[in-house]
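Encoded as C-alpha cells, the structure appears first; notes follow it.
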Amino acid sequence: MVYVLDINGNPLMPTTRYGHVRRLLRDGMAKVVSTSPFTIQLTYESTKITQDINLGVDAGSKIIGLSATTKDKVLYEAQVELRNDIVDLISTKRETRRSRRNRKTRYRAPRFDNRRRAEDYLAPSVKQKVDCHLQVVANIHKILPISKIIAEVASFDMQKIKNPNIKGTEYQQGEQLDFWNVREYVLFRDNHTCQCCKGKRKDDILNVHHLESRKTGGNAPNNLICLCETCHRLLHQGLIKLPSTIKRGTILKDATFMGIMRWHFYNELKKTYKNVSLTYGYITKHTRITNNLPKDHHIDARCISGNPLAKSDGTYYYQKKVRCHNRQIHKFNIIKGGIRKLNQAPYEVKGFRLFDKVLYQGKVYFVFGRRQSGYFDIRDLSGNKVNKGSISFKKLKLLERAKHYLTEKRTAIPPRPTEVVVSLP
C-alpha cells in the first residue's frame, strides 16, 4: 500500500499502482512524506472521493492491535509494543530525589503534602500507555480517511479472578479486612513463622521480605513473605536460597491497567472523533473462531473492525515505543577525584543518532548503541543483533531519522493446515 495525502495534507484512499506513483514522483507532482509506511503528498488539486473505512483497536497493556479495513480489503494493520519501564524509572527518580533531599536538608522537618490531584488523575505508568493508545489512533488518521472507530476495551473483575464465587457485599471484604497494615496481614497469613527455616533457627525477630524488588513488584501481599531475621540476612548475602515452592502469587497488573484505562480511553476517543463505538473480548473471540482466523493482535483488531474476511497480503507493521529523552545527567557511581561520568550520550556520533533506521547488507536495522570509535550496535525490533561484534558506521546507510515509534514491516506466518481424518470403509 502507498498512502496518499492531498495538497492540504488530508488523507485520501491508498493505492497499489506503483507505476503511477513513480511517475508522479518523477514529474514532481508528488513528494515523499514518510517511508514507513510509505506515504506521498500530491502537489496539485485532486478529487476527494473516499470509502467507508473502519478502524479496529485491540487495546492492551503491552501490545496494541490495529486494523483499518473496508468491506473487501485490509488497508493497514499494525502491532504496537508499549513501554513497561515507567514504574522502574519513576522509582529510581524518587529514590534519587530523596537521597539528595536528605543530603541537602537533613534536619528539615517533613512538610505536609497539600498538593491536590485532578479528578481524572491517572498514575504516570497508566497515563503513558493511554496516551500511546490515543497517539497511534491519531497517526492512522493522518494517512487514512477513517470513518468509524471500534475499540475493544474489555473490563476485568479483579476480585472475581481471585474468587469466582464472590458476590454481593463480599466485594467490600477483601483479604486484608481487619488488619491495620499490610505487614500485620502477611505475618498473620504466614502464621508468624519463617517460611524458609520453619522456625528451626529459633529466631524470634520476624521480617517481611520482598520476593521481587520493591521498585517493580511493589508492596502487594502476594509479593511479601515472612522470614526470620537470620534467614533474611543470609538470603541477601547470597548464602541461602528460598525453597522452590515459594513463588510470587498471580500478578494482575495487566488486568488492573485495563480496568483503570478502559473508560478513560473510550471517553477521550469520543471527545476527539465523531463515530466511536465499543465492543468486548468475547465478541472478538467468537468472530475469530467462527471465521477460522489465527490468534494475533492485528487479527483481533481486524475482527473488531467488523470486516474479518477482508483480504490481506499477509504483511503488517510492527512498531515499538522507545524513550524520547534520558533526563539523568550523571551516573550514580563516583570515580576517583569525586567526579561523576555523564550518563547522556552525544546527540550524534559520526552523523548517526540513537534509534536511527539504517541499511546494512540489504536489510533494515536500528541503531541501539554507539561508540565514539564509530562502531555501532545495530539490531532489529525483535532484539536480534547482526553479529557478536559491532559494525563500522562506514558500512551503514541512513534510511530514516529516529522517531518515538520505531517501525518495521513484517510478514505474518500463515497458520498450519489442519489435518483431515478420512475414514475408509
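The values are calculated or read from the model by the stated rules, or taken from the named source; none is laboratory data. Owing to the predicted nature of the structure, the values given are computational and were not obtained by experimental measurement. Quick reminder, even Gly has a Cβ in these numbers, built from the backbone with ideal geometry, and neighbours come from all protein chains shown.
Ile149 meets each of the listed conditions (1) over 24 Å from Thr284 (Cα atoms); (2) modelled with pLDDT of 95 or more apart from (1). When the stretch 1-31 is filtered for residues that are over 24 Å from Ile146 (Cβ atoms) and acidic (Asp, Glu), only Asp27 remains. In the stretch 311-337, the qualifying residues are those that are closer than 22 Å to Ser36 by Cβ and among the small types (Gly, Ala, Ser), and the one that is surrounded by the fewest Cβ atoms within 10 Å (Cβ to Cβ) is Gly314. When restricted to residues that are surrounded by fewer than 10 Cβ atoms within 10 Å (Cβ to Cβ) and touching a residue at least 12 places away in the same chain (Cβ under 8 Å), the stretch 90-140 contains 1.
Close contacts from the stretch 334-345, counting a first residue that is in the same structural domain as Arg370 (by TED's automatic domain parsing) and touching a residue at least 40 places away in the same chain (Cβ under 8 Å) and a second that is in a loop (DSSP other than H, G, I, E, B) and not acidic (Asp, Glu), with Cβ to Cβ under 7 Å and a gap of 6+ residues or different chains, come to none at all. Would you check if there is a residue in the stretch 324-347 being modelled with pLDDT of 90 or more, out of contact with any helix residue (DSSP H, G or I) (no Cβ under 8 Å at 6 or more places or on another chain) and aliphatic (A, V, I, L, M)? No, the stretch 324-347 has no match at all.
Residues that are without any contact (Cβ under 8 Å) to a residue 24 or more places away in the chain and not in a loop (DSSP other than H, G, I, E, B) were ranked within the stretch 368-386; the one that is farthest from Val322 (Cα to Cα) is Tyr375. Take the conditions (1) modelled with pLDDT under 90; (2) over 28 Å from the mean Cα position of the chain (by Cα); (3) among the acidic types (Asp, Glu); Asp120 misses just one of them, which is (2).
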